[in-house]
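Some notes on the structure that comes next.
The values are calculated or read from the model by the stated rules, or taken from the named source; none is laboratory data. Please read all numbers here as calculations on a predicted model, not as lab measurements. Positions of Cβ are generated from backbone atoms using ideal geometry, with glycine treated the same way; all protein chains shown enter the neighbour counts. The protein model used for the area step is the full one, side chains on, heavy atoms only, and it has no ligands, DNA or RNA in it. Shrake-Rupley method; radii C 1.70, N 1.55, O 1.52, S 1.80 Å.
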Amino acid sequence: MLRFVLQQFDCAALSPAEHLILLQETFLNCGLDTFAAEDFDGPDLPGRSFHSYLEEMRDQECKQYNALRGLLDDQAQPNCTYDLEFTGPSSYLDLGQRITFIIQGAFLGLLPNLTDGDALRVLPAIVASEARQNSLFRAAANRSLNFFDGVHSFETPLTLAQAYSLSRPYIHNCSSADRPFHLKIHPILHVQLPTRLNLTDNTTAPQPGPAGNKGLNVTTSPLNMTGPGRGSFELPEGLNGTAVLLLTSDLQTSYPVPDDTVAAIGLLEVG
């Protein structure tokens with residue numbers, strides 16, 4: 001097992017990241033315990049071979065967890081309850097694309113902020129693995145979508161606070177002995193679409209995001225208030241799959257968007 005002594009910032013950053021790896025490992029084990037290979041046969045399902053992919057992804061998560069445990073060798077292990085609800089194979093696949101999207105964004109956003117050389121060797125491997133898993137779940141959950149023909153040509157980095165806010169509904173009952181970590185928890189932004197949109201329904205594109213995003217597909221749209229705590233906005237053209245929605249006070253020139261400007265965060269599925 002890897003054994004490193006992390007700098008203080010890296011240790012504080014990787015502690016909540018360990019929760020995310022355990023969340024995904026628990027999610028994959030739930031799928032393996034609940035479904036047989038033939039359960040993934042049928043219309044709009046990926047086929048029975050997907051069950052073997054679940055086994056491979058679970059094994060990857062175990063290796064990632066062992067790597068993080070090596071980096072955090074002198075720290076207590078997390079002890080939480082992971083609450084995952086799904087009603088069938090389609091519901092499971094939809095939840096999978098959300099969870100893998102969040103965790104991929106968390107490690108992608110974390111990577112540029114690390115300073116420890118050993119952590120910088122471990123984290124890129126985790127990012128690559130999470131990206132493959134997210135791509136697999138997105139393709140399995142949205143059989144008709146072309147993910148190379150939409151606005152998301154780059155993945156979305158998240159701060160740990162943003163990722164943990166999105167995953168917090170699934171993480172409960174952490175013991176008092178667990179490592180404390182200090183993250184700003186953002187309120188969840190709930191989005192309701194009038195119908196399930198097709199790509200052709202998105203006819204108006206808001207103004208592009210700031211040039212400082214260096215190619216990231218970030219768009220901004222003003223929120224038109226329709227009542228207390230309620231409003232509407234326009235979707236960009238070509239949006240498909242999973243998108244992160246941030247309610248912020250102003251247009252940012254950096255990404256991930258700083259936590260202190262985020263009023264609420266949510267996920268949106270279009271396709």
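Once the chain from R48 to I185 is taken as fully extended at 0.36 nm per residue, the excess over their C-alpha distance is 45.5 nm.
Each of R132, R98 has its accessible area taken with a 1.4 Å probe; listed largest first, they run R132, R98. For D73, the residues whose modelled amide H falls within less than 5 Å of its own, excluding neighbours fewer than 5 places apart on the same chain, are F4. Amide H contacts under 5 Å for L267: L245, restricted to partners 5 or more places along the chain or on a different chain, H placed in the peptide plane at 1.01 Å from N. For S91, what accessible area in Å² do you get when you roll a 1.4 Å probe over the heavy atoms of the protein chains, rounding to the nearest 10? About 40 Å², rounded to the nearest 10. Phi angles of the range 61-67 translate, via the Karplus equation with coefficients 6.51, -1.76, 1.60 and θ = phi - 60°, into HN-Hα couplings of 5, 4, 5, 5, 5, 4, 5 Hz per residue; Gly and Pro are given as x.
R0 = 25 Å: FRET efficiency of T219 with C80, Cβ-based, nearest 0.05?
Computed FRET efficiency for T219 and C80: 0.10.
Is the range 31-86 best put as rounded, prolate or oblate by its Cα gyration tensor, with a ≥ b ≥ c the root eigenvalues, rounded for a/c under 1.5, and otherwise prolate when a/b is larger than b/c, oblate when not? Taking the square roots of the gyration eigenvalues as a ≥ b ≥ c, the range 31-86 is prolate. Only protein heavy atoms count here; on that basis, with a 1.4 Å probe, H172 has an accessible area of about 70 Å².
Across the range 29-36, coupling constants 3J(HN,Hα) worked out from phi with the 6.51/-1.76/1.60 Karplus curve, θ = phi - 60°, read 5, 4, x, 5, 6, 8, 10, 8 Hz, and Gly and Pro carry x.
Taking label positions 7 Å along the Cα-Cβ direction at both C62 and A37, the computed distance is 1.9 nm, reported to one decimal.
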